[in-house]
Amino acid sequence: MTQAASDTDVTVCEVGLRDGLQMLDALFPTDQKLAWIRAEAEAGVREIEVTSFVPPKLVPQFVDAQQVVEGALAIDGLTVLGLVPNLKGAERGIALGVHKLNFVMSVSRTHNQKNVRREREDSVADFARIADLVRSQPDGGRPQLLGGLSTALGCSYEGRIPVEDVVRYAVALAEAGADEIMIADTVGYADPISVRTAFKAVMAEVGSLPVSAHFHDTRGLGLANVAAALDCGVRRFDASLAGLGGCQFAPGATGNIVMDDLCFMLDAMGMRTGVDLQKLVAVREIVARNLPGTALYGGLARAGLPTRYQPAAERARMPA
Ligand code: COA
Ligand code: ZN
């Protein structure tokens, strides 16, 4: 189930530069986005969703997609992701050479309409065209294709989302050619029991395909949901530094789970993420100075590491 490199047990993917910035009117300067990406990669984060291939007219924050991707691709060892809502977005991502395309559709019919302006079946058909395009790329230029399901654990328009629908669209994306399925709690409705139910149901139907998780901490259950997903075997998680995040097309959406706290929890549980916790917390300064007045969240940043804390990687090297 794991996608992690051999020296890590769990992969964490920073999505603050996409999920965290997409709602902001003010443009985060391109050089500062790249400073953030470089610093976080330097702290050991191996996957970063650096931009969104949506029409700049609709979301001006990502008008600099090309410069950001080019800068990020120059960083050694970093897996560069971009969000794509449709075929046109995938074409842009492939042309720039991103390593992973994060396709999104919503399990909620209403949210899919509001977010990408189409029926869910049309999103599945578009995904199949994207998968064909990806497969037609030459070896070495073929990105990984993530099939993401937003509002899979609840929707602010529709409320509860039936697990059967989550499974149906997960299977549809898997059959169309996804390399990985991502289940997203876009508006923070999930709890550990609903997480277990949905992830187990999906994992039972998509065979050996990895299933990853994207949680928001809207109601404070984000890390509890991570623990439940870990129990199901999930080994890849999205998060955003300082808990930035939201979706302009989902009322009530707030921040993602806090990357720094996620890494601390995993590390404390003995799971190696490759991340240096102190270096990671220091990266918040770049976000803080560029977003004055924006609330930054996180317990680790507030309280610091426990006295004589031993990182998981050090503990792993010690004789039992
Ligand atoms: N990137 C850049 N331009 C794009 C594009 C993309 N991914 N997709 C479409 N366009 C352009 C088209 O070329 C067209 O341009 P034109 O007016 O110059 O001819 C225009 O945008 C409209 O195209 P259309 O296919 O009719 O799109 P739409 O208006 O139905 O919008 C989406 C569909 C998916 C592009 C839009 O709803 C969207 O970007 N949604 C995502 C919103 C988001 O960021 N949500 C949060 C993240 S989950
Ligand atoms: Zn999100």
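Observations on the model:
- For the chain: Kirkwood Rh in Å [reciprocal of mean 1/r, alpha carbons]: 19.4 Å
- Coil-residue trypsin sites (Lys or Arg not before Pro) of the range 237-310, DSSP, other Cβ within 10 Å capped at 11: R308
- Near L83, the amide H atoms lying under 5 Å from its own belong to T51, S52, F53, N102; only residues 5 or more places off or on other chains count, and H is placed 1.01 Å from N.
- Global form of the range 1-113, assessed from the alpha-carbon gyration tensor, a/c cut-off 1.5: oblate
- Helix-derived mean residue ellipticity, 222 nm - over the chain, DSSP H n ≥ 4, -39500 (n - 2.57), to 500: -12000 deg cm²/dmol
- Calculated accessible area for the range 11-317 comes out at 40 Å² per residue, all protein chains present (probe 1.4 Å; ligands, DNA, RNA ignored).
- For the chain, a crude dipole built from +1 on the beta carbon of Lys and Arg and -1 on the beta carbon of Asp and Glu, taken about the Cα centre, is about 260 debye to the nearest 20.
- Straight-line cross-link partners of K57 among the lysines, defined as a Cα under 28 Å from its Cα and at least 8 positions apart when in the same chain: K33, K88, K100, K114.
- Within the accessible area of the chain (1.4 Å probe), percent carbon and sulfur: 51 percent
- Checking every one of the trypsin sites (Lys or Arg not before Pro) in the range 52-113 against DSSP loop status and a limit of 10 other Cβ atoms within 10 Å picks out K57.
- Solvent-accessible area of H99 with every protein chain in place, 1.4 Å probe, in Å² to the nearest 10: 70 Å²
- For the range 204-258 versus the range 36-71, the gap between their alpha-carbon centres in whole angstrom: 20 Å
- Rel. contact order, % - alpha carbon contacts under 8 angstrom, at least six apart, the chain: 21 percent
The values are calculated or read from the model by the stated rules, or taken from the named source; none is laboratory data. All values derive from a computational prediction rather than experimental measurement. Cβ coordinates were reconstructed from backbone atoms using ideal geometry, including for glycine residues, and neighbour counts include every protein chain displayed. Areas reflect the complete protein model, heavy atoms only, side chains present, ligands, DNA and RNA absent. Shrake-Rupley method; radii C 1.70, N 1.55, O 1.52, S 1.80 Å.
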